[in-house]
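The values are calculated or read from the model by the stated rules, or taken from the named source; none is laboratory data. All values derive from a computational prediction rather than experimental measurement. Reconstructed Cβ throughout: ideal geometry from the backbone, glycine too, with neighbour counts over all protein chains shown.
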Amino acid sequence: MKNKRLLNKIPVFLQGNSKDKNMHILDSLKWRYATKKFDTASRLSDSQLTLLKEAFNLTATSYGLQPIKMLVVQNKSLREKLLPHSFGQRQVVDASHLLVLCIQKNYTVQDVENYFQLLKKVRNTSDEVMTPFKNHLLDLVSNKTTEQLREASKSQAYLALGNLLTVCATQQIDSCPMEGFLPKKYDEILDLASKNLEAVLLLPVGTRAEDDYMASQKKVRKPLEESVIDLQ
């Protein structure tokens, strides 16, 4: 009975023997590539978008503080305004949706306080247990400069990007991770300052075009023994 309960907690596509699970994950990662041309007529379903939103929200972040947010941009006219500030990369407009990963411009001790209020609400953790950890994080945040906190938050955004890329791959949602854009222009056009946010990464998502020349290209990776070191 205990094993059955544990099995029910495992995602359906991962249930089965270990060989099948491994092949599913590896085949999905091999299928994934940085999509250069999207099918402009294809749209992600509401359930697919909900999945990506949930996956973003479940991304691991340092101490669980989540100093990041994600904008889901569907409006084509708005995305056309972003195109000149994306070095002409059409994925920004042609994909079904554009995901903009952002960090908080100013992360403060109040954000830490808000996290512990949520922690207490969700887990009903006692103040006695929370206080030492809370004080540690309050000291950590208060002793860092704004720039140090921004850089730390950017690292969390990259964690979210990696998580989204893997989730997209397992669901055969095409994507293209992008750093090549002008963040300040994005901030201006999307009015991110009013939300205490700044853009740091982009992820257009949708369906690859049939004539995307990169879709049929072999994946180029170093031999495993050159990229992974086993220490015995």
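See the values below:
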| item | result |
| --- | --- |
| Residue check for LEU29: at pLDDT 95 or above and in contact with a Phe, Trp or Tyr (Cβ under 7 Å, 6 or more places away or on another chain) | no |
| Helices (runs of 4 or more DSSP H) completely within the stretch 54-124 that count 1 or more residues being farther than 30 Å from ALA209 by Cα and touching a Pro at 6+ places or on another chain (Cβ under 9 Å) | 109-123 |
| The stretch 194-228 - residue that is in contact (Cβ under 8 Å) with a residue 60 or more places away in the chain and in a helix (DSSP H, G or I) and, of those, nearest to the chain's Cα centre (by Cα) | LYS195 |
| Residue in the stretch 88-99 that is buried (at least 19 other Cβ atoms within 10 Å of the Cβ), in contact with a Ser or Thr (Cβ under 9 Å, 6 or more places away or on another chain), modelled with pLDDT of 95 or more and charged (D, E, K, R) present | yes |
| Residue, farthest from LEU51 (Cα to Cα), within the stretch 151-164, restricted to residues that are surrounded by fewer than 19 Cβ atoms within 10 Å (Cβ to Cβ) and touching a residue at least 40 places away in the same chain (Cβ under 8 Å) | ALA152 |
| Out of LEU140, LEU159, sole residue that is touching a strand residue (DSSP E or B) at 6+ places or on another chain (Cβ under 9 Å) and hydrophobic (A, V, I, L, M, F, W, C) | LEU159 |
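Okay, residues lined up against (1) modelled with pLDDT of 95 or more; (2) under 21 Å from the mean Cα position of the chain (by Cα); (3) closer than 17 Å to LEU58 by Cβ:
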| position | (1), (2), (3) |
| --- | --- |
| ASN124 | yes, no, no |
| THR131 | yes, no, no |
| LEU137 | yes, no, no |
| ARG150 | yes, yes, no |
| ALA157 | yes, yes, yes |
| GLY162 | yes, yes, yes |
| CYS168 | yes, yes, yes |
| MET178 | yes, yes, no |
| LEU192 | yes, yes, no |
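Yes/no matrix, rows are residues, columns are (1) within 26 Å of LEU101 (Cβ to Cβ); (2) surrounded by 14 or more Cβ atoms within 10 Å (Cβ to Cβ); (3) of a type outside the set (Lys, Arg); (4) without any contact (Cβ under 8 Å) to a residue 60 or more places away in the chain:
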residue: LEU118; (1), (2), (3), (4): yes, no, yes, yes
residue: ARG123; (1), (2), (3), (4): no, no, no, yes
residue: MET130; (1), (2), (3), (4): no, yes, yes, yes
residue: HIS136; (1), (2), (3), (4): no, no, yes, yes
residue: VAL141; (1), (2), (3), (4): yes, yes, yes, yes
residue: LEU149; (1), (2), (3), (4): yes, yes, yes, no
